[in-house]
Amino acid sequence: MKIHKTSIIHPSAKIDQDVEIDQFCIIDENAEIGKGCHLYPYVHIMKNSIIGKNNIIHQGAIIGGLPQDLKFNGENTKVVIGDNNIIREHVTINRGTKLVGKTIVGNNCLLMAYVHIAHDCIVDDKIILANGVQLAGHVEIGYHVTIGGITGIHQFCKVGEHSFVGACRVILHDVPPFILATGEPLQYSGINTVGLRRRKFSLNTRNKIKNAYKILYSPNHNVSQAVKEIETTIDNSKEIKSILDFIKKSDRGII
């Protein structure tokens with residue numbers, strides 16, 4: 001274990017032997033840090049933060065800060081972070097509230113500088129949040145999503161798997177899976193063709209996704225009508241099921 005003499009470690013913290021902690025870091029009570037992690041200077045891991053293996057946390061990041069929620073009353077909540085994440089400078093990730101109990105970040109994510117993840121958010125695996133992306137409370141980000149820099153996301157919004165959101169946008173409604181979203185106000189701008197091709201989605205699958213969204217965003221349908229037509233005219237692959245389930249479960253409505 002390599003811990004610089006200027007860092008402060010609470011006796012109850014659980015730190016793997018294969019962890020490197022640089023100058024002036026603070027590790028609070030009941031924090032856990034897994035094998036292979038490296039904390040750069042001035043990182044603060046606060047109470048009840050559980051951090052998995054092989055995470056790189058850069059200068060000034062604060063993990064497990066108190067929720068910025070006036071309803072929070074000191075309940076015993078936590079942050080849970082998976083493995084192989086890169087957390088860049090001055091990222092802040094807040095603890096959960098009693099509604100969910102924890103804030104979750106998955107595996108293999110890149111959180112660029114100044115990203116904020118608020119209380120009770122759920123961030124899935126292989127997420128890229130570019131510089132300055134701001135997640136309000138209870139936001140859910142699906143698998144393999146990329147969100148451009150300086151984008152703000154309203155509380156309780158969801159972003160579906162494999163979607164790509166452009167930079168400097170405001171997300172006020174749910175972003176369905178597999179799409180490219182840009183413009184002001186934010187709108188559907190086609191499917192995420194480049195991302196899906198890179199991830200080895202077949203041409204046939206990409207065409208099914210594209211056809212589903214042609215129906216959904218046709219001016220001749222409302223959302224309920226579009227869902228019924230998709231169910232009856234397009235083979236029910238796992239991707240089409242994912243789209244339909246996302247739409248049916250959307251609380252804020254889709255972009």
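Of the residues I209, I215, the single one that is crowded, with 22+ Cβ neighbours inside 10 Å, at negative phi and in a helix (DSSP H, G or I) is I209. Going by what's in this entry, would S224 be described as of a type outside the set (A, V, I, L, M, F, W, C), in a strand (DSSP E or B) and either open to solvent by 50 Å² or more (accessible area, probe 1.4 Å) or without any contact (Cβ under 8 Å) to a residue 24 or more places away in the chain (or both)? So S224 does not fit the description; no.
Here is a yes/no grid of residues against (1) in contact with a Lys or Arg (Cβ under 6 Å, 6 or more places away or on another chain); (2) of a type in the set (A, V, I, L, M, F, W, C); (3) in contact (Cβ under 8 Å) with a residue 24 or more places away in the chain:
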position: H58; (1), (2), (3): yes, no, yes
position: N76; (1), (2), (3): no, no, yes
position: V79; (1), (2), (3): yes, yes, yes
position: N85; (1), (2), (3): no, no, yes
position: G101; (1), (2), (3): no, no, yes
position: D124; (1), (2), (3): no, no, yes
position: H144; (1), (2), (3): yes, no, yes
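For segment 24-31, check the following and say yes or no: at least one residue is touching a Pro at 6+ places or on another chain (Cβ under 6 Å), open to solvent by 70 Å² or more (accessible area, probe 1.4 Å) and not aliphatic (A, V, I, L, M).
Scanning segment 24-31, I find at least one residue that is touching a Pro at 6+ places or on another chain (Cβ under 6 Å), open to solvent by 70 Å² or more (accessible area, probe 1.4 Å) and not aliphatic (A, V, I, L, M), so the answer is yes.
Filtered by the rule that a residue be assigned to a loop (DSSP other than H, G, I, E, B), open to solvent by 10 Å² or more (accessible area, probe 1.4 Å) and either touching a helix residue (DSSP H, G or I) at 6+ places or on another chain (Cβ under 6 Å) or farther than 14 Å from A61 by Cβ (or both), segment 119-131 gives H119, D124, D125, K126, A130.
The values are calculated or read from the model by the stated rules, or taken from the named source; none is laboratory data. Note that the structure is a prediction, hence the values are computed from the model and not measured. With ideal geometry, Cβ positions are generated from the backbone for all residues, glycine too; neighbour counts draw on all protein chains shown. What goes into the accessible areas is simple: the full protein's heavy atoms, side chains included, and nothing from ligands, DNA or RNA. Shrake-Rupley method; radii C 1.70, N 1.55, O 1.52, S 1.80 Å.
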